[in-house]
């Protein structure tokens, strides 16, 4: 009976895992099936054509997404990781608790609200939709995710590791950066990747900040296209060619996120997986 | 008559002589003066006076919760890292107070190294990086200096022959006993004067324990070793002096052989014979 229960629990677990995979697989399948035919070098590199006529591509959108995500990483990752370090290592006090609470509130903000806030603060002030405004909105979305995941990863590092380092006469900041952060690197990197994937697909805040554009990059303070916006706009058009292009753009975005993920995993492999001790 | 003194003295130091506070032994390395320690409101050390000889091994024994670990954590200022922990009294290292104003605890920890109960190598670092960590993270960049320090420390810890081909392997991939010797090598690499060991063998099997005891015997000529242990046979085997602590107080302290053979205090005798603790 006990073995039966054990088996049952195992199978239920496996079944749930399989169920959870269904949406993922079906989405991937649809995206690849409908998008693969559109993908070619010309589509990926040229600017959108005239609306209503086949032809043109998503070059500006890819450029815009790369630029946006790049700027967002530059602004969001260092700040998020440092905040996470503060909360985990020095945040056991009222200030830390307030910051942690506010951070959680920020994480639950609908992204469209953040878009509107940036629209009011930046776009209206400077009287222009801009790449900077978009990156700022995405950074604000990214920040709490990275802060939280960094904090949680660092908290998993046992105190005995901190003790060992402090007892060697290594200073606190050195211990934190070179021992604790290194030990938790795998979790921190995973959190950053999730946050990048999340912001790369954000649409709503971009509509309020970078607007979308038909043209390639023309300055940080001008409107710009990005893949989610392009997908949204193409999907709204009533022409079959546009929908095919939309699927193509969706596939391109999925592949970009995938490539970033695999790339970072490969680059940090070996050093990441030694964290599992044999005990 | 007991015959356990190699020195010219015929009588072992009397209890009064050893316990007398503020008296400087010859070759005293560490001396506490009325050391109190608290965790929050819980006082774990009470006016503790103990004097430790240079280049000797001193064992600290006593029942759980008597303050053994706290005592040694006070000697390299690790105690204060625990939230709400504090101390009062003085701890003299080579005659100067490590709790004096303006003393940087980091400089004390470089002179007084520590080995913990559970082996705690840095899990993401290789064997080499573990041993080099103390030097490297304090700014040593010279490769030949690091190489030499790593080899010497691993040799002192009797680990070199077992790992010399796998210096790039993860420290966490070693066996438990090897990990503990790696931790000892890591502590030795920064060339401390005093090594504190907090039950270093309690997580190890008898073979691994024997290796560590052999190691302690071999390094004591150059270091002052203090070892907390629950294992009375171990205290008898490795130490020159033994201190018996009970409820935060030093009950008896003397040469190991005399303390084990004729304890002066009844409490000590009862503890040694397993009647409590």
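Filter region B:176-191 for residues that are within 8 Å of chain A (Cβ to nearest Cβ) and either part of a loop (DSSP other than H, G, I, E, B) or under 16 Å from the mean Cα position of the chain (by Cα) (or both); which is surrounded by the fewest Cβ atoms within 10 Å (Cβ to Cβ)?
First pass over region B:176-191, keeping only residues within 8 Å of chain A (Cβ to nearest Cβ): B:176, B:183, B:186-187, B:190.
If we keep only those that are either part of a loop (DSSP other than H, G, I, E, B) or under 16 Å from the mean Cα position of the chain (by Cα) (or both) too, we end up with B:183, B:186-187, B:190.
On the way: B:183: 27, B:186: 32, B:187: 26, B:190: 23.
Within region B:176-191, the match that is surrounded by the fewest Cβ atoms within 10 Å (Cβ to Cβ) is B:190.
For residues in region A:204-229 being buried (at least 18 other Cβ atoms within 10 Å of the Cβ) and part of a loop (DSSP other than H, G, I, E, B), which is nearest to the other protein chains (Cβ to nearest Cβ)?
From region A:204-229, those buried (at least 18 other Cβ atoms within 10 Å of the Cβ) are A:204-213, A:223-229; that's our starting set.
Checking which are part of a loop (DSSP other than H, G, I, E, B) leaves us with A:210, A:212-213, A:223, A:225-226.
Details: A:210: 39, A:212: 44, A:213: 44, A:223: 44, A:225: 41, A:226: 36 Å.
Among those residues, the one meeting the criterion is A:226.
For residue B:125, the conditions (1) over 17 Å from the mean Cα position of the chain (by Cα); (2) within 13 Å of chain A (Cβ to nearest Cβ); (3) without any contact (Cβ under 8 Å) to a residue 40 or more places away in the chain are fulfilled apart from (3). Please indicate, with yes or no, whether at least one residue in region B:50-66 is surrounded by 16 or more Cβ atoms within 10 Å (Cβ to Cβ) and without any contact (Cβ under 8 Å) to a residue 40 or more places away in the chain. Yes, region B:50-66 contains a residue that is surrounded by 16 or more Cβ atoms within 10 Å (Cβ to Cβ) and without any contact (Cβ under 8 Å) to a residue 40 or more places away in the chain. Among the residues of region B:261-277, the ones that are at pLDDT 90 or above, surrounded by fewer than 20 Cβ atoms within 10 Å (Cβ to Cβ) and in contact with a helix residue (DSSP H, G or I) (Cβ under 7 Å, 6 or more places away or on another chain) come to 1 in all. Between A:191, A:201, A:169, the distinction of being away from every other protein chain (no Cβ under 14 Å) and surrounded by 18 or more Cβ atoms within 10 Å (Cβ to Cβ) belongs to A:191 only.
Total residues in region B:235-255 satisfying the condition of being under 23 Å from residue B:215 (Cα atoms) and either surrounded by fewer than 22 Cβ atoms within 10 Å (Cβ to Cβ) or free of Cβ contacts under 8 Å to residues at least 40 places away in the same chain (or both): the figure is 4.
Here's the yes/no breakdown for (1) closer than 24 Å to residue A:193 by Cβ; (2) at pLDDT 95 or above:
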position: A:55; (1), (2): no, no
position: A:71; (1), (2): yes, yes
position: A:107; (1), (2): yes, no
position: A:147; (1), (2): yes, yes
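Selection of region B:131-158 for residues being over 18 Å from residue B:114 (Cα atoms), away from chain A (no Cβ under 13 Å) and in contact with a helix residue (DSSP H, G or I) (Cβ under 7 Å, 6 or more places away or on another chain) yields B:146, B:151.
Mind listing whichever residues of region A:152-163 are touching a residue at least 12 places away in the same chain (Cβ under 8 Å) and either under 21 Å from the mean Cα position of the chain (by Cα) or within 7 Å of chain B (Cβ to nearest Cβ) (or both)?
First, the residues of region A:152-163 that are touching a residue at least 12 places away in the same chain (Cβ under 8 Å): A:152-157, A:161-162.
Correct list: A:152, A:153, A:154, A:161.
Within region B:67-113, the set of residues being on the phi > 0 side of the Ramachandran plot, surrounded by fewer than 20 Cβ atoms within 10 Å (Cβ to Cβ) and not in a strand (DSSP E or B) comprises B:84, B:94, B:95, B:102.
For region A:178-187, the condition of being more than 7 Å from every other protein chain (Cβ to nearest Cβ) and farther than 30 Å from residue A:68 by Cβ holds for at least one residue.
The values are calculated or read from the model by the stated rules, or taken from the named source; none is laboratory data. Quick caveat, the model's predicted, so the values are computed rather than measured. No Cβ is skipped: glycine too gets one built from the backbone with ideal geometry, and neighbour counts run over all protein chains shown.
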